[in-house]
Structure formats: C-alpha cells, structure tokens
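Here is the structure we will look at, set down as structure tokens.
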Amino acid sequence: MSDAHNAQLDWDEHGQPLSRSYGDVYFSRANGLEETRHVFLAHNQIIERCQALPAGGRLVIGETGFGTGLNFLCAWQAFAEHAPRDARLHFVSVEKFPLTQTDLQRALALWPELAPYAEQLLAQYRAIHPGFQRLLLDGGRVVLTLMIGDVLECLPQLDARVDAWFLDGFAPAKNPEMWADSLFTELARLSAPGATLATFTSAGFVRRGLIAAGFAVQRVKGFGHKREMLAGPFQAEPAPRSAPWFARPLLPTGDRQAVVIGAGLAGCATAASLAARGWHVTLLERHDDVAREASGNPQGVLYLKLSAHGTALSRLIVAGFGHTRRLLARLQRGVDWDACGVLQLAFDAKEAERQNKLAAAFPDDLLHALTKDEAEARSGIGLPAGGLFYPDAGWVHPPALCRQLVQHPLIELRPYQEALSLSRQQERWCIEGQNGVLAEAPVLVLACAAEIGRLLPEANLPLKRIRGQISRLPASTASRALRTVVCAEGYVAPARDDEHTLGASFDFHSDDLAPSVAEHAGNLELLREISQDLAERLDTQTLDPATLQGRAAFRCTSPDYLPLVGPMAEQQAFNDAYAVLAKDARQVPETPCPWLEGLYINSGHGSRGLITAPLSGELIAAWLEDEPLPLPREVAEACHPNRFMLRRLIRGS
Ligand SMILES: Cc1cc2nc3c(=O)[nH]c(=O)nc-3n(C[C@H](O)[C@H](O)[C@H](O)COP(=O)(O)OP(=O)(O)OC[C@H]3O[C@@H](n4cnc5c(N)ncnc54)[C@H](O)[C@@H]3O)c2cc1C
Ligand SMILES: C[S@@+](CC[C@H](N)C(=O)[O-])C[C@H]1O[C@@H](n2cnc3c(N)ncnc32)[C@H](O)[C@@H]1O
C-alpha cells in the first residue's frame, strides 16, 4: 500500500486546508474556531457540562471526522478552563484519511490561542496507523482515542458510552457515503443516557435519519451565514451491551484504591493507567526493584508480527505499538530507547511471500519492503536478503520504561513483597505474604506473569512459561556501523552502552534461570543467519560462548498467543451459570456473570510485552472505569480472561 491513506490536501490563499479528494473545506473559511464553538460546543452545552462534572467525573465526546483536530482542541480548551481539576475528558474520534504530522502542524498553526494544546497533540501525533490509536495528553487527564479507518467500519467496533456527539465529516452532498442510516444507528447504540448531538448540516435526510435512530434533533440557527444546523438530545433507550461473560462488571464503589502484584511492564503500566485516573496504587514486587524478571533485558525490540488478515492479534499489535511508541517520547532517546527502525529479513521464500502480503495490506509509513541493497544501505551492514522495514519501530531498554511508568505520586512501589495468597474479606482483597498481610484494597490486579497460576490455582488459567535467553555482545568499531534493529529468527540491536543485545532462545522445558553456554552458542548461530557480515564485524569466529554475558527469564504465554487482560469470573459459579452452553453454544443466557469482584488480570504478554503490556494497562483502567475501550470490542474480548472458561464449557471439557 502507498501512503495514500493520508489526507491529500490543498492550501488556499489564506493558508486553510482543503480536501483534494472530497473537494470540501475542513472548517468554515470565515472563522473555523468560532464555527466549532457555535456548532459543536454550544449546541452540546460542553462548557456547562464541564462545569457540572463532579470531582473525578468524566465527559465522553464522540466525533466523526477528526480532520485537523480543531474540534478536539476546542473541546479540550473548554474542558481545561471549566472542568474540575481531577475530572477527565475522553474524546473518541474516527478518521479515514489522517493528516500527516507536517500537515497537521501547518493546519493547527492557524490557531495561536490553541497552541498550548496543539503542541501536546503534535508531540503525541505519531505512529497513527490503521485501527484504534490511543493518545494520552495532559498527563492522562485528556484521553484521545483515534479510530483510523472508515466510520462505518470503525464505530461498530467501538465499546463506549458517548455523552456528546460532534457529527462532522464533510457536507453530505460531497460525502454521501458517510451519512448513512447505519451511521445513525451506531450513534444511537453508543449514546449514553442524556447524550446530545450537533452537526453543521441541516440536510433533510440527515435530520430524518437521526430522528428515526432516536435523536430528537431540531433545526437551529447555523454558524455565520449558514441558516440552519441540527442539534438535539438522544431520547431512545440505551442499547443492551454484550454477552454476560464479556459484559462490564459493576463498578467498584468507594475509594479508588488498588493493589497491583508484579512490577514488570504489565504491572507498571497498569499502575500508571490507574494513577492517571486518580487511583491510589500499591505495587507489590518480590524483588528489590521494578523489571527484574522478563522485563529486565537491556534491550527489547518493538517487533511487530502482523497478519494481513486483520486478526485480533494483529490489530492488538498495531494499536499497542502506536501506544508504546508514543509513551517512549518521555524517555531519553539513544539511552533508553531508539526509533532506529526495525528490519525483518525475508530469510526464506515463505517469509518473502508473507511479507509481500503485509506490504500490500498496510500503509507505507508503518512498514514497507526494502530490496537487499536498500536494506544494506539502511542497516549499515551486509545482509543475505531484503525485507520489511518498520521505520517508526526500534529498541527499548524495558527497565527505563517501567521506571518511567511508576513515577507518579499516587503509586507506591513496595519491593521485597512476595504475595503468597489472596482472599476477599469485607469487599476488599487481602494479600498475604510470609509474615502476614502485605496490602489490601477493593481492587486487585494480578500482573505477576505465570505466577498468577500459583495465586489463583482454581481459575485454571492456561498460562505457560517459556524460558528465553539473550546474549550481550561488546560492540566493536566495525559493529557500530549497525544502524537499525535487524531480525530473522532472532534479533540484534544497535549498541546501547557499547553492547549489542542478541536474542533470543526459546526453551519450553527448562526451569533454570542461569544463562547457559549452549544458548549463547545458539544465539550466535541466530546472528550468523541474520548477517554473516555483522558476525565477522563482531569477531564471533574467535569468540568463546562461555565468555559471554547474558540474561535468562521466562516469557508468559497463552495457547492463542493473546494476552489475558481484564476482569475475571469465578470458575465454578461460571460453569453453573452457563452450563447450558455445553449443550447449545449459541445460547446467550441472561444470568449476570459471577465475577471475582474487583479482581483483574494483566498477563500473558509472551514475546511482545513491549507492544502489548502498556496498552493493556489502559484496557484494565477502561474496564474498571466504564470508559471507552482503547481497542475494538472484538479484540478486547479476544484478550478477555474469561475466554478460556467459555471455550472449555462449550467444548464440554
Ligand atoms: C529472553 C527474552 C527476550 C524478549 N524479547 C522481547 C522483545 O524483544 N520485545 C518484546 O516486546 N518482548 C520481549 N520479551 C517479552 C517481554 O519481556 C515480556 O512480554 C514482558 O516483559 C512481560 O512483562 P510482565 O510484566 O507480564 O512480566 P514480568 O516482567 O516477568 O513481570 C512479572 C513481575 O511479577 C513479579 N512477581 C511474580 N510473582 C510475584 C508475587 N507472588 N509477588 C510479588 N511479585 C511477583 C515478578 O518478580 C516480576 O517482576 C522477551 C522476553 C524474554 C524472556
Ligand atoms: C470537515 S473535516 C473534519 C474537520 C475536523 N472535525 C476538524 O476539527 O478539523 C471531515 C473529516 O471527515 C473525514 N471523513 C470523511 N468521510 C469519512 C469516513 N467515511 N470515515 C471516516 N472519516 C471520514 C475526512 O477525511 C475529514 O478529515
């Protein structure tokens, strides 16, 4: 695919953007800012609703057509000026043709008064790839979920309750496909009780369609010379939500307090997402510091193993990659991470064919094919083949990311605290260690990788440990030519602290964490397959694997390679409640799910925790706060911890 998925713009004599494909303007030529304030803010009473938010409350705004983000920035400004300090704004918008960074910057430069907001948006506006992309702004107080794709395909994937709709998206005459009845039905499905809607158009078929869907819209005075526009409240019944086993558990009442067990990427990310929402988090870790187990390697790779078929895993990876990539902007580039690009070699015919399909399925700014010569020029070393290049990807020092995530006054990291058992007493989880109670809180998140099996044996979660080892290779003058991460079956990264990380072995049987010489030798073999030239630059012929330094840890995997993220039911009560599924899998009983109240899981991140664990923290917080999910509903369900109980029940095992 080319980069045609970005908006193709022309700029008029006043520096205003115009869409070449739709032949329409992004905002009023007279005054875009005032138009937004009149049409979308005033007619959804955004300022009044911000003022009326309770402490810790939130407003969810939905939009069709993100465009230049002008509406978003105006809503953010109103929120910043009128909402209580600890309230939150969720802005969910869909965009089929996202502007490039450069175009966005040029368009937003038109509004100097929005500059403080525009600068933050621009700093986060990267890795905006197809699917759901979450951007955290103002320390997480403002959350932007961008759905990149066609509105008619994206909205059905959204799980949210929207308080106010900004129905934008070019004039119906210029963009008739968008203003379809199926759009109005989706707006109704996603509306919270008391939701309102406003749109600049007054087209009769739009008014009739919205009314039929349940919006009591009326014609009101439009902006400037426009006679009319539409606005009004949603007045139908809210739509029922999902099957009970994937439904939203009742929200915990009382204080926002949680215990998180495990301070690897999953636990640190969960703590960060909760703290950003005002939760007091106690983070229990059995070692002396964060990132001492799987998340403790010197360098991990942002490795995207995608599918051209839009599988749940592939969609999770694109969304997770974007989120992690934006978080990394907070770390020191070159020391804690580097966006040096990742090259995946087409090391055999099958892989080359797979890569061709991926190159056709995804936009160029996410990945593109390089010939052998191009790949060598890019990576700086001799290679056996070309491959796929991911220009925004790179390597990360995972402990730095963990440390950054827990830098929040509401997070208390407690090292040397090994949880040995859990119990629920008086609506609180009580976590016990060797010398008694370690912590208690109404909400508990288990982020302790495969150790969850020991703390919660009755849940029968199919989590497996797979040992892996990386080798640390001292850089040489010649190896410093390596400029990108290069992967085949293994991976090698440009030097950090004068060492290259080379990985990684897989051992499905060993329980031993002492680095083994055989696995160092295996890693060197992986290096030779990646690049004989680099192996020579590192003088590996004369290198004795027994002298190599390295590190081993356990990955934690699930049978379907998706992580386990979300709330969890009590196994026996679940089987009793939904026993009928064993006879007829199509039944959807109405019995509410017997949740393990207040218990959540964030685990099973396999070999790609850098990509999946941070976004999973956002997903846990979204479940816990009844917020818009940061992922398509289907993907969140594919990651739901209840899925295994459900499958076992249906299979009758
Ligand atoms: C060799 C190797 C190479 C890898 N390479 C990459 C890569 O290139 N890119 C990538 O994205 N991913 C990579 N991964 C995978 C990635 O490291 C993991 O997916 C990620 O670190 C998982 O994070 P986690 O927080 O779930 O688990 P962990 O980092 O293992 O964290 C779990 C934490 O829970 C704590 N804990 C456990 N039980 C208890 C208890 N009872 N009480 C208190 N604390 C407890 C542990 O001490 C630990 O700190 C690699 C993994 C390995 C092993
Ligand atoms: C008038 S502009 C939006 C202006 C925007 N709200 C702002 O604040 O700058 C309309 C936007 O809708 C997008 N759009 C049009 N049809 C769409 C569709 N079917 N799905 C998703 N986005 C669409 C266009 O690409 C364009 O960015």
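Within segment 94-116, the set of residues being over 24 Å from Asp12 (Cβ atoms) and touching a residue at least 24 places away in the same chain (Cβ under 8 Å) comprises Val94 only. In segment 563-595, of all residues being closer than 27 Å to Gly320 by Cα and not β-branched (Val, Ile, Thr), the one that is surrounded by the most Cβ atoms within 10 Å (Cβ to Cβ) corresponds to Pro563. Quick check: anything in segment 577-584 closer than 20 Å to Gly453 by Cβ, outside any loop (DSSP other than H, G, I, E, B), of a type outside the set (Val, Ile, Thr) and assigned by TED's automatic domain parsing to the domain that holds Ala622? No, the conditions are met nowhere in segment 577-584. When we screen Glu186, Glu95, Glu113 for residues that are at pLDDT 95 or above, under 20 Å from the mean Cα position of the chain (by Cα) and either assigned by TED's automatic domain parsing to the domain that holds Pro54 or among the β-branched types (Val, Ile, Thr) (or both), the only hit is Glu95. Remark: pairs (first residue in segment 638-652, touching a residue at least 12 places away in the same chain (Cβ under 8 Å); second residue polar (S, T, N, Q) and part of a helix (DSSP H, G or I); Cβ separation under 8 Å; 6+ apart in sequence or on different chains) = Cys639/Ser616; Met645/Gln571; Met645/Asn575; Leu649/Asn575. For Ala123, the stated conditions do not hold, so it cannot be described as in contact with a helix residue (DSSP H, G or I) (Cβ under 7 Å, 6 or more places away or on another chain), of a type outside the set (Phe, Trp, Tyr) and within 16 Å of ligand 1 (Cβ to nearest atom). Is it true that Glu440 is within 30 Å of the chain's Cα centre (by Cα) and more than 29 Å from Leu562 (Cα to Cα)? Yes: the conditions hold for Glu440.
Among residues that are closer than 25 Å to Ala195 by Cβ, modelled with pLDDT of 90 or more and buried (at least 24 other Cβ atoms within 10 Å of the Cβ), Phe234 is included. Among the residues examined, Arg29 does not qualify as under 26 Å from the mean Cα position of the chain (by Cα), without any contact (Cβ under 8 Å) to a residue 24 or more places away in the chain and away from ligand 1 (no atom under 16 Å from the Cβ).
Every listed requirement among (1) out of contact with any helix residue (DSSP H, G or I) (no Cβ under 8 Å at 6 or more places or on another chain); (2) farther than 16 Å from Gly468 by Cβ; (3) surrounded by 23 or more Cβ atoms within 10 Å (Cβ to Cβ) is met by Ala493 save one, (2).
When Arg325 is tested against (1) more than 14 Å from ligand 1 (Cβ to nearest atom); (2) not in a loop (DSSP other than H, G, I, E, B), just one condition goes unmet, and that condition is (1). Consider segment 44-82 and keep the residues that are away from ligand 2 (no atom under 16 Å from the Cβ) and under 26 Å from the mean Cα position of the chain (by Cα). The one that is modelled with the lowest pLDDT is Gly56. When segment 211-223 is limited to residues that are free of Cβ contacts under 8 Å to residues at least 40 places away in the same chain and not in a loop (DSSP other than H, G, I, E, B), the one that is surrounded by the most Cβ atoms within 10 Å (Cβ to Cβ) turns out to be Phe215. Does any residue of segment 641-648 turn out to be surrounded by fewer than 23 Cβ atoms within 10 Å (Cβ to Cβ), more than 22 Å from Arg241 (Cα to Cα) and in contact with a helix residue (DSSP H, G or I) (Cβ under 9 Å, 6 or more places away or on another chain)? Yes: one or more hits. Applying the set (1) at pLDDT below 95; (2) under 17 Å from Ile46 (Cβ atoms) to Ala171 leaves exactly one unmet item: (2). Of the residues making up segment 233-277, just one is among the acidic types (Asp, Glu) and either in contact with a Cys (Cβ under 9 Å, 6 or more places away or on another chain) or closer than 24 Å to Gly56 by Cα (or both), namely Asp255.
When segment 492-525 is filtered for residues that are under 21 Å from Thr477 (Cα atoms), aliphatic (A, V, I, L, M) and under 32 Å from the mean Cα position of the chain (by Cα), the ones remaining, listed by number, are Val492, Ala493, Ala495, Leu502. Only strands (runs of 3 or more DSSP E) whose full extent lies in segment 443-504 are considered here, and the ones with at least 1 residues that are more than 30 Å from Arg428 (Cβ to Cβ) and touching a residue at least 60 places away in the same chain (Cβ under 8 Å) are 464-474, 485-487, 499-503.
If you check Ala188, Ala198 for being touching a residue at least 40 places away in the same chain (Cβ under 8 Å), crowded, with 18+ Cβ neighbours inside 10 Å and closer than 15 Å to Gln45 by Cα, only one passes: Ala198.
Annotation: of all residues in segment 25-74 being closer than 28 Å to Ala180 by Cα and touching a Pro at 6+ places or on another chain (Cβ under 9 Å), the one that is surrounded by the fewest Cβ atoms within 10 Å (Cβ to Cβ) is Val25. Among the residues of segment 236-260, write down those that are under 25 Å from Ala400 (Cβ atoms) and either within 21 Å of the chain's Cα centre (by Cα) or within 16 Å of ligand 2 (Cβ to nearest atom) (or both). Once the filter is applied, which keeps residues that are under 25 Å from Ala400 (Cβ atoms) and either within 21 Å of the chain's Cα centre (by Cα) or within 16 Å of ligand 2 (Cβ to nearest atom) (or both), segment 236-260 yields only Val260. For segment 311-322, a tally of residues being over 15 Å from Tyr390 (Cβ atoms), over 10 Å from the mean Cα position of the chain (by Cα) and in a helix (DSSP H, G or I) returns 2. Among the residues making up segment 284-310, those that are of a type in the set (A, V, I, L, M), in a loop (DSSP other than H, G, I, E, B) and near ligand 1 (Cβ under 10 Å from one of its atoms) are Val290, Ala291, Leu302, Leu304.
The values are calculated or read from the model by the stated rules, or taken from the named source; none is laboratory data. Computed from a prediction, not measured in an experiment: that's the story for all the values here. Please note: Cβ atoms are built from the backbone with ideal geometry, for glycine as well, and neighbour counts cover all protein chains shown.
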